[in-house]
Amino acid sequence: MLLLQARHKKVGEKSLLSFSTIAQAARNNVLLAVPAFLYAINNYLKFIMQLYFNPATVKMLSNLKVFVIALLLKIIMKRRFSIIQWEALALLLIGISVNQLRSLPEGTSALGLPVATGAYLYTLIFVTVPSLASVFNEYALKSQYDTSIYHQNLFLYGYGAIFNFLGIVITAMFKGPSSFDILQGHSKATMLLICNNAAQGILSSFFFKYADTILKKYSSTVATIFTGLASAALFGHTLTMNFILGISIVFISMHQFFSPLSKVKDEPKNISLESVDSPKNKRSKDTSFIGMAAGANEDASHRAVNEEKAPLLPI
């Protein structure tokens, strides 16, 4: 994609493949190493989770990240959410809980741990690590907004390849040289899975940079229905009533979170009594809500400049 974008550069623009452009972009995007490292850890967690839950359940559990991400966005990026949006996130958790209202088979174990203990432990890590990665990824991508996203993807996944390779080396040190064969066990199905994950990662970068992390996570709930159907068709898993009710609550939550009525509105401070009914205030109150993404709300660190405070029409 970087090569394709470089071939379509406009006249007078510097080539994306020039050494100086890549070197400068590399210096400015060192922070991408942080989410790359966290994503490398998450890659192992994804497969461990498959030992405890079926694919549809793993997809539902991944929605727990939305609530953690919202807290991290509020703490790290100073993003604000309305009460209705927090309630929507609570509905999301309720929907996931409804789907999980069925007991695990007694006596079943995985990795030598009781299923319940292992499931809770890995679910906690599975939710926390990628949530941190997503928030840091959005922060790193948007902090260097002028850098081409194709360059940023190159560095992000370049760092990720390095960290994953180090993981293979460490594994080989403990299990022996035979485990260093990275192509062992691969088939056409695994290659297709690799291509699918690569495309999903690239698409996620566009969400993080140009939209919002929560919007990206909410959009994945749409895929939950298809994951459930595929799980039932390929592995014989039953689509229970709990699953259907949980999905319904999740979509209600999504509609409520992105509703225009749920957006955070800036309340004017130190307004005199005479200015309450002024035409300018009425005009500002009647301004339409814009943006569906949670990131459409301005960061708390933003301060209006003089031009933004000027009236729209001359007085």
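Which ³J(HN,Hα) values in Hz, rounded to whole numbers, follow from the phi angles of segment 236-244 under the Karplus curve 6.51 cos²θ - 1.76 cosθ + 1.60, where θ = phi - 60° and Gly and Pro get x?
For segment 236-244, the Karplus curve yields x, 6, 8, 7, 6, 5, 4, 5, 5 Hz.
Using a probe radius of 1.4 Å on heavy atoms only, what accessible surface per residue do you get for segment 2-43? Whole Å² is fine.
Averaged over the residues of segment 2-43, the accessible area is 67 Å².
What are the residues whose amide H is under 5 Å from the amide H of residue 82, where those residues sit 5 or more places off or on another chain and H is modelled from the backbone?
HN-HN under 5 Å from residue 82: 264.
From the phi of every residue in segment 200-205, what ³J(HN,Hα) in whole Hz does the Karplus formula 6.51 cos²θ - 1.76 cosθ + 1.60 yield, where θ is phi - 60° and glycine or proline is x?
In residue order, the calculated couplings are 5, x, 5, 5, 4, 4 Hz.
Hey, can you find the accessible area per residue of segment 130-198 for me, probe 1.4 Å, expressed in square angstrom?
62
If I ignore ligands, DNA and RNA and count only protein heavy atoms, how much of residue 186 is accessible to a 1.4 Å probe, in Å² to the nearest 10?
Rounded to the nearest 10, the figure is 80 Å².
The values are calculated or read from the model by the stated rules, or taken from the named source; none is laboratory data. These numbers come from a predicted model, not from an experiment. Quick note on the areas: whole protein, heavy atoms, side chains included, nothing else; ligands and nucleic acids left out. Shrake-Rupley method; radii C 1.70, N 1.55, O 1.52, S 1.80 Å.
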